[in-house]
1. Could you check which residue among 194, 50, 104 shows the biggest mean-square fluctuation in a GNM of the chain with a 10 Å Cα cutoff?
2. So how tilted is helix 110-150 from the main axis of the chain? Cα-based, degrees 0 to 90, rounded to 10.
3. Any chance you could check the Cα centroid distance between the stretch 124-175 and the stretch 211-235 for me, in angstrom?
4. Return the label of the correct value of Rg/Rh (Cα atoms, Kirkwood Rh), as calculated from the structure shown, out of [x] 0.99; [y] 1.31; [z] 0.96.
5. Hey, fewest Cβ within 10 Å first, where do 120, 82 land in order?
6. Taking only Cα atoms and a 10 Å spring cutoff, compute GNM fluctuations for the chain and point out the largest among 151, 80, 43.
7. Angle between the Cα long axis of helix 17-27 and the longest principal axis of the chain, 0 to 90 degrees, nearest 10?
8. For the chain, what does -39500 (n - 2.57) per DSSP helix run (n ≥ 4), summed and divided by total residues, give at 222 nm, in deg cm²/dmol to the nearest 500?
């Protein structure tokens, strides 16, 4: 590679007098960008380019317009004001007030906080009780009207419904994994009951499939199995050992007495039944196109 060191010594870097002047005005006279532009006649972008790396003078730094409101919000929080109260007093959004004081607890101790939460719940329930009652009544009326449309299910209805729900919730064969076998999993007893009716329509009574629960290990497994046996009128002798889901310390809401896990219905020697379901689903698809 050719040595060009001689060129650097022969032709030293040329200083830009305009850049030097702009930097001097900034560093020595503490001028703002607008003042420098007025003094030099340069454009805004050019001045910013020449001042790159030069810190602005302190007097040009504008304080946050809401610093005073933030300090007042912190003071109000210390007096025991809620986020809503602070937002209303200062004329800001609730979200803004929350961002300012979220690091400050409203109550100094847990007992006071618990009393406040209980009082808030009582007030909320009193405010919305009439609305919730009207909503629940409207929901019940809609349920009754919709249920009245159903009527008795024919054999054809059961075949179409059973095939449709199986295609939604049942195991299906894949091109890369051929598995022509009927296995249906769900936690809704009504949907499972409908699928059992579908199986009976296809000639599979409730003594033929095997049944297996998938349930959290923290639940009452024996009671859940008895619940499924009683609710769906299933033979207890056809139940296999349940699959227990190991407990992990996460937030779960399905821990009430109504929790019974999922039920797996497995139909042995069901290849032709699976093919029949495939045909029914194909027919449904053709009927809507």
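Just so it is clear, none of the values below were taken in a lab; they were calculated from the coordinates. Because the structure is predicted, anything quoted here is derived from the model rather than measured. Virtual Cβ from ideal backbone geometry, glycine too; neighbours counted across all protein chains shown.
1. Answer for the Gaussian network model of the chain: 50.
2. Compared with the principal axis, the helix lies near 50 degrees.
3. Here the answer is 23 Å between Cα centres.
4. [y]
5. 120, 82
6. Among 151, 80, 43, the largest GNM mean-square fluctuation belongs to 43.
7. For helix 17-27, the angle is close to 80 degrees.
8. -17500 deg cm²/dmol
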